[in-house]
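Read through the structure below, which is laid out as structure tokens, and then see the notes.
No value in this document is a laboratory result; all are computed from the given coordinates. Everything numeric here is computed off the predicted structure, so don't read it as measured data. Cβ coordinates were reconstructed from backbone atoms using ideal geometry, including for glycine residues, and neighbour counts include every protein chain displayed.
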Amino acid sequence: FGQYKVEGTTVKCFVTISGSGQKWKVNLAKFECQCREWQLTGLPYVHAVCVLIPMRHPWIEYCSEYHTVAKYVPTYNLPIHAIEDPSEWGENTLCYPHL
């Protein structure tokens, strides 16, 4: 985070610049970064965090709702039962050949 310089271009658009001079555009309004990590993961990547921290914006507001406890709980509230006998796995669920 401390290794990047931030320049504002508009109210919600910024450019983060690394020590080596590489630049990434960050758009807070669209939750986008030129590196695409934010769009892919739903979590603000270091380039966006470099913009948010000095502005004292709560970065959690820029995370996808799917990374909240409210979404995790319903996803994992039912038990997942292990199938110990590989013969019951089925043909399409084998990830690795038998050793």
Given Cα pairs under 8 Å that are at least 6 residues apart, what percent is the relative contact order of the range 5-76?
-> 19 percent
Phi-derived 3J(HN,Hα) across the range 21-33 with the Karplus relation (6.51, -1.76, 1.60, θ = phi - 60°), rounded Hz, x for Gly and Pro, is x, 5, 10, 9, 7, 10, 10, 5, 5, 9, 6, 10, 9
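Restricting to DSSP loop positions (anything but H, G, I, E, B) with no more than 11 other Cβ atoms inside 10 Å of their own Cβ, which chymotrypsin sites (Phe, Trp or Tyr not before Pro) remain in the range 1-91? Intermediate results must be reported in sequence, preceding the final value.
Working: sites: PHE1, TYR4, PHE14, TRP24, PHE31, TRP38, TYR45, TRP59, TYR62, TYR66, TYR72, TYR76, TRP89; in loops: PHE1, PHE31, TYR45, TRP89.
For chymotrypsin sites (Phe, Trp or Tyr not before Pro) across the range 1-91 that sit outside H, G, I, E and B with at most 11 neighbouring Cβ atoms in 10 Å, the list reads PHE1.
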Who wins for biggest fluctuation among PRO44, PRO79, PRO58 in a Gaussian network model of the chain, springs between alpha carbons below 10 Å?
-> PRO79
Rounded to 10°, Cα long-axis angle of helix 46-55 versus longest principal axis of the chain = 50 degrees
For q = 0.14, 0.17, 0.23 Å⁻¹, Debye-computed log10 I/I(0) when each Cα of the chain counts as one equal scatterer | -0.65, -0.76, -1.16
